[in-house]
Amino acid sequence: MARLRLPAVSGSDITSREAWLNRRSFLVSGAATGLGIGSARAAGTLKARATSYTVKDPPTPRVDVTTYNNFYEFGLDKGDPVQNSGGFHPEPWTVRVDGLVRQPRTFSMDDLAALMPVEERIYRMRCVEAWSMVIPWDGFALAALLGVVEPLGDAKYVAFESVLRPDEMPGQRGGLASLDWPYVEGLRLDEAMNPLTFMAVGLYGDRLPNQNGAPLRLVVPWKYGFKGAKSIVRIRLVADMPRTTWHSMAPEEYGFYANVNPTVDHPRWSQGSERVIGSSGFFGAGRRTTEMFNGYGEQVASLYAGMDLRRWY
Amino acid sequence: MPSRRAPVVFPSRLELWLITLIGLVPAGLYFWYGAHNQLGADPVNVFERWLGLWGVRFLVVTLAIAPLRDLGVINLVRYRRTFGLLVFWYAVMHVATYGVLDQHLDLRAVFGEVTTKPFLMVGLAAFVLLCPLAATSNRWSIRTLGRLWGTLHRGVYVVAALAGVHFLMAFKTYTVTSVGYAAALFVLGAAGVVRRVRHNGRRRMSAANEPMRRPKTTG
Ligand code: HEM
C-alpha cells in the first residue's frame, strides 16, 4: 500500500494537464506490468492509490488550481495566495485532534504518513462565488483519522482550526478586510464521518502547494469551498455547533451547512449555475448548471432527510 | 470661491478623440488578453471587473473636474463630456460582458438576478441612469432641453452614489480598493451636491438683491 511521503517540492513545479495525464497512464500501465512505479517520477510524488471516487468531467488544469485560490490568510485576490505564500513553512507540522474523544493525540505529518494510506480522489469543487473546478486530491478519509482518536458519544460536531501565523501570512496582520483569525470551520459529526469527507495532503499527485492549504486541508465536495479549512492545526470534537468564521461574519450569506444548492441563492447572486474555471480564455470553459449537493446527492442527501434546506442553507 | 476659478482650457477635437481612444485601450488590451487566454483561470470575471473598475476610474475623473476648477487648479470642463462618455462606454461593456460572456445570454438568469439581487439592482440603477445622460451629451440636447438638461445631468451624483455602493458590494469583505474608490465617489458626489445647493442659494440671493434685472411677471 502506498504510504504518505512528504518530500519537498518547489512551488514552481507545475505540470501541464497533458503531462499529468501522460504520467497517470504511465503509472497505471507501470503498476499493471509490475514495474516499480516509484521510479516513474522525481521526488514529490505521493504515489496515491487510485479510487473510484472520481468524476467524468476533465480535471481543471493544474496551473489554474494552483494560481486561482481563495485563501484570505494570504490576501484577498485570487492571485494573492500563490504570490504571498512563499514564506510559509508547512514543515514541521503537527495537528492536534482532541475534545470529546477517547484518545486525544497530536499527529506529526510523519505520524499521519505512517497511519494513513494515500488515495486519489477526483472531486468537483464548487465555490460559493459561483465558479467551479475539478481537482485530483491526494489524501485520506477524515473518518479514518477520527477512528484513531475514537469520538465519544456526546461529540456532535467537529471543528477545524487553521494555523495562525501573522508573520508568515500577510492577510492575518489586520487591516480592513481582516476576518476573525484563526479561520474556523465545522461539520456535524455524521457529515465528518461520511466517506466522501476527505483530508487532502496533495493534489495532482504532489504535496499540497502552500496556496492550496499545505500541508493538510479539509475537502467536503458537496459543500461550498469555504467549508474546506486549509493548513489545519487542530481538529476538535465538540457537543455544540462551532462558531465558524464566515458564518459568524455574515450569517445571511454563509450558512453553517453551506451545502451546494442551486435553489437557494446567495443574497448577491444566483447559485443556479457556475463558471467553469480553466485557462481557455473567454470562449472556452463556459458555464454549467449547478447540481444539488454538487452532484453528490446519492451519497449525502440522506444526511439531511427531513431538514428544510432553505432554512438550513 | 468662484473668483479662484482656473481659466478654461480649450481642447482641440483631435485631443478629445485621442482621450477617447486612449481611454478605451484598457478595455481593448484586456479583451485581447482574454481572447488569447492570457487572463488567468477566470478570464470572464477578470474582464468584467476590469471594465467596472475603469468605469469607476473615469467617473472619478469626471466628478473631479468641477472641484479642480473651483480650487483654481485647472479648468477642464471642456473635457468633461469626453470622460463622462467613457464612463458610459465602460458601463456598456461591463454590462455586456455580464450578459454575454458571463451569463451566456441566458436572459432568464440575467433578468432573475438583476431584479432580485440588491448588488445587481444597484448596478442596474446606475446603468439605467447613465443612459439618458449619455444620450443627451451633445450640443443639440443642451440647447433643446435648456434648464432641464442641467437638472438631468445632476443625476451623475446619484450614479456616483450607486456605483460606490455597487463597488462596495462586489466584495465579500471591505477592501482597500473598494473602500477607497467608493469614498472618492461619495466625497466627490457630495461635493457636487453641496456646490449645487450653494450655487442655487447664491442665485436666489443675487436675484433678491437685484430686483431690477428680474422681469416681474406677477403682482
Ligand atoms: C446592469 C448593470 C450592472 C451589472 C449587471 C453589473 C454586474 C457586475 C458584476 C457581475 C460584477 C462582478 C462581481 C463579482 O465578481 O462578484 C460587478 C463588479 C463591479 N461593477 Fe458592476 N454591474 C452593473 C453596473 C455597473 C456600473 C454602472 C458600474 C460603474 C460605472 C459598475 C461598476 C462595477 C465595479 C467597480 C465592480 C467591481 C470591480 C472590481 O472588482 O474591481 N457596475 N458588476
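Considering only B:T115, B:T62, B:T144, the Gaussian network model of chain B with Cα springs below 10 Å gives its largest mean-square fluctuation to B:T144. Taken residue by residue and averaged, Cβ atoms of other chains lying within 10 Å of the Cβ of B:116-123 number 2.
Between amide H atoms placed 1.01 Å from N, distances below 5 Å from A:L216 occur with A:S231, A:I232, all of them 5 or more places distant or on a separate chain.
For segment A:242-255, backbone phi angles converted through the Karplus equation (6.51, -1.76, 1.60; θ = phi - 60°) give residue-by-residue couplings of x, 7, 8, 4, 5, 5, 6, 6, 8, x, 7, 9, 10, x Hz, Gly and Pro being listed as x. Dividing the helix sum by the residues of the protein assembly as shown, where each DSSP H run of 4 or more adds -39500 (n - 2.57), gives a mean residue ellipticity at 222 nm of -12500 deg cm²/dmol. Computing FRET efficiency as 1/(1 + (r/R0)^6) for A:A114 and A:K156, where r is the C-beta to C-beta distance and R0 is 30 Å, gives about 0.50.
Which log10 I(q)/I(0) values, to two decimals, does segment A:17-304 give at q = 0.07, 0.09, 0.13 Å⁻¹ under the Debye formula with one point per Cα? Normalising to I(0) and taking log10 leaves -0.25, -0.42, -0.92.
Model label points for B:S12 and B:V128, set 7 angstrom from Cα along the Cα-to-Cβ axis, are 4.3 nm apart. For segment A:234-313, applying the loop criterion from DSSP together with a ceiling of 10 other beta carbons within 10 Å to the trypsin sites (Lys or Arg not before Pro) yields A:R310, A:R311.
Applying the criteria of a DSSP loop state and at most 13 other Cβ atoms within 10 Å to the trypsin sites (Lys or Arg not before Pro) of segment B:137-168 yields B:R154. Judged by the ratio a/c of the largest to the smallest principal axis of the C-alpha gyration tensor, the protein assembly as shown counts as prolate, that ratio being 1.5 or greater while a/b is larger than b/c. In order along segment B:27-40, the phi-based Karplus estimate (6.51 cos²θ - 1.76 cosθ + 1.60, θ = phi - 60°) of 3J(HN,Hα) comes to 5, x, 4, 5, 5, 4, 4, x, 5, 10, 6, 10, 10, x Hz; Gly and Pro are listed as x. Angle of helix B:43-70 to the longest C-alpha principal axis of chain B, folded into 0 to 90 degrees and rounded to 10: 10°. Using the Cβ-Cβ distance between A:V264 and B:N37 with R0 = 25 Å, the FRET efficiency computed as 1/(1 + (r/R0)^6) comes to roughly 0.15. With protein chains left intact and a 1.4 Å probe, residues in segment A:173-313 average 35 Å² of accessible area per residue. Distance between the 7 Å Cα→Cβ label points at A:E298 and B:I19: 6.3 nm. Given axes a ≥ b ≥ c from the Cα gyration tensor, I'd like to know whether segment A:152-211 is rounded (a/c under 1.5), prolate (a/b larger than b/c) or oblate. Judged from the Cα gyration tensor, segment A:152-211 comes out oblate (a/c at least 1.5, b/c at or above a/b). Spin-label model, A:M241/B:W140: points 7 Å from Cα along the beta carbon direction are separated by 6.2 nm. Could you tell me the number of lysine pairs in the protein assembly as shown with C-alpha atoms less than 25 Å from each other, where the two lysines are 8 or more residues apart or belong to different chains? Value for the protein assembly as shown: 18.
Is the shape of chain B rounded, prolate or oblate, going by the alpha carbon gyration tensor and its root eigenvalues a ≥ b ≥ c, with a/c under 1.5 for rounded and a/b larger than b/c for prolate? Note, shape of chain B comes out prolate. Mind pulling the angle between the C-alpha long axis of helix B:118-135 and the longest principal axis of chain B? Nearest 10 degrees, somewhere in 0 to 90. Value to nearest ten degrees: 50. Loop-resident GluC sites (Glu not before Pro) (DSSP state other than H, G, I, E or B) in segment A:210-313 with no more than 11 further Cβ atoms inside 10 Å of their Cβ: A:E252. Between A:T290 and A:S273, A:E274, the built amide H atoms are under 5 Å apart, and every one of these is 5 or more places off in sequence or on another chain.
May I ask you to derive the FRET efficiency for B:T115 and A:T94 from their Cβ-Cβ distance with R0 = 60 Å, giving the value to the nearest 0.05? So the FRET efficiency works out to roughly 0.70.
The values are calculated or read from the model by the stated rules, or taken from the named source; none is laboratory data. Since the structure is predicted, the reported quantities are computational estimates derived from the model, not experimental observations. Counting neighbours? That spans all protein chains shown, and the Cβs are built from the backbone with ideal geometry, glycine included. These accessible areas exclude ligands, DNA and RNA; they are computed on the full protein's heavy atoms, side chains included. Shrake-Rupley method; radii C 1.70, N 1.55, O 1.52, S 1.80 Å.
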